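Encoded as structure tokens, the structure appears first; notes follow it.
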Amino acid sequence: MDRSPRTVRSERTREALRRAALVRFLAQGVEGTSAEQVAADAGVSLRTFYRHFTSKHDLLFADYDAGLHWFRAALAARPDGEPIIESVRAAIFAFPYDVETVTQIAALRAEALDPGRIVHHIRQVESDFAEAVAERLGRRTAAAGGTPLAERLAVTVTARCIAAAVFGAMEVWMLRDERSLSELAQLCHAALASIEHGMIDGMFRHY
């Protein structure tokens with residue numbers, strides 16, 4: 001799907017702010033960094049900064065936003081007849097992760113934020129993730145048959161279960177004292193496998 005020039009500019013600005021913040025955070029800490037410094041480093045005004053982020057702490061989760069946008073595109077590119085768990089798994093692990101950056105941001109989050117705030121934000125992103133999965137599933141329900149109400153229930157529950165599995169793994173990983181991206185991958189694989197086995201029978205079989 002084509003994106004408007006405004007959307008592209010907005011994404012570029014958010015990415016510039018995210019990168020500028022990471023450099024500052026690593027050099028002088030989160031608390032030692034101001035929104036003004038990040039905005040200046042990214043070449044935008046403070047007003048533009050607050051148009052995209054409510055605070056500097058929100059930048060600690062900007063990588064999730066970028067990853068979710070990429071996930072939507074990768075999920076949409078999967079074959080139509082592919083089981084949804086396989087599509088989600090492939091889309092997640094096709095993302096070009098920067099191991100060092102992901103680990104650095106995770107450490108900064110753990111240092112600067114209390115666990116409750118980390119979990120709260122992860123659950124917000126989880127809702128957007130579930131919506132992306134539901135959109136993918138929604139394109140299949142017409143061919144699956146059944147009543148509209150039953151289709152809606154199946155799509156909603158399936159999407160939320162998958163999102164809960166992925167972000168449950170992420171939550172466990174984020175709250176550990178030591179983290180590695182390979183460990184996160186293992187946790188995600190295990191979580192998706194547990195959901196996959198539970199959906200073999202019953203209302204989700206045709207997905």
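The values are calculated or read from the model by the stated rules, or taken from the named source; none is laboratory data. Values in this document were obtained by computation on a predicted structure and should not be read as measured data. Cβ placement follows ideal geometry from the backbone for every residue including glycine, while neighbour counts extend to all protein chains displayed.
Residues that are touching a Gly at 6+ places or on another chain (Cβ under 9 Å), over 21 Å from GLU131 (Cα atoms) and either surrounded by 16 or more Cβ atoms within 10 Å (Cβ to Cβ) or at pLDDT 90 or above (or both) do not occur anywhere in the stretch 42-53.
Listed by first and then second residue, the pairs with beta-carbon distance under 7 Å, at least 6 apart or on different chains, first residue in the stretch 160-187 and surrounded by fewer than 20 Cβ atoms within 10 Å (Cβ to Cβ) and basic (Lys, Arg), second assigned to a helix (DSSP H, G or I) and modelled with pLDDT under 90, are ARG179/THR103; ARG179/ALA106; ARG179/TRP173.
Here VAL30 meets each of (1) surrounded by fewer than 18 Cβ atoms within 10 Å (Cβ to Cβ); (2) part of a loop (DSSP other than H, G, I, E, B); (3) over 19 Å from the mean Cα position of the chain (by Cα) with one exception, condition (1). The set of residues in the stretch 115-135 being over 13 Å from the mean Cα position of the chain (by Cα) and closer than 8 Å to ALA159 by Cβ consists of ALA134 alone.
The rows are residues; the columns are (1) modelled with pLDDT of 80 or more; (2) among the basic types (Lys, Arg).
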site: ALA90; (1), (2): yes, no
site: VAL99; (1), (2): no, no
site: ARG109; (1), (2): yes, yes
site: GLY116; (1), (2): yes, no
site: VAL125; (1), (2): yes, no
site: GLU131; (1), (2): yes, no
site: THR141; (1), (2): no, no
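Within the stretch 120-141, residues that are surrounded by fewer than 15 Cβ atoms within 10 Å (Cβ to Cβ) reach no partner that is of a type in the set (Phe, Trp, Tyr) with beta carbons closer than 6 Å at six or more positions or on different chains. Taking the numbered list (1) in contact with a Ser or Thr (Cβ under 9 Å, 6 or more places away or on another chain); (2) in contact (Cβ under 8 Å) with a residue 24 or more places away in the chain; (3) not small (Gly, Ala, Ser) in turn, VAL88 passes all entries but (1).
A quick yes/no check of all residues on (1) in the same structural domain as VAL102 (by TED's automatic domain parsing); (2) of a type outside the set (Ser, Thr, Tyr); (3) touching a Lys or Arg at 6+ places or on another chain (Cβ under 6 Å):
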{"site": "ARG14", "(1), (2), (3)": "no, yes, no"}
{"site": "LEU26", "(1), (2), (3)": "no, yes, no"}
{"site": "GLY29", "(1), (2), (3)": "no, yes, no"}
{"site": "ASP41", "(1), (2), (3)": "no, yes, no"}
{"site": "THR48", "(1), (2), (3)": "no, no, no"}
{"site": "TRP70", "(1), (2), (3)": "yes, yes, no"}
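The single condition among (1) basic (Lys, Arg); (2) surrounded by 15 or more Cβ atoms within 10 Å (Cβ to Cβ); (3) over 21 Å from LEU108 (Cβ atoms) that ARG9 does not satisfy is (2). From the list PHE61, PHE25, PHE53, PHE71, the one residue that fits, being touching a helix residue (DSSP H, G or I) at 6+ places or on another chain (Cβ under 8 Å) and without any contact (Cβ under 8 Å) to a residue 60 or more places away in the chain, is PHE53.
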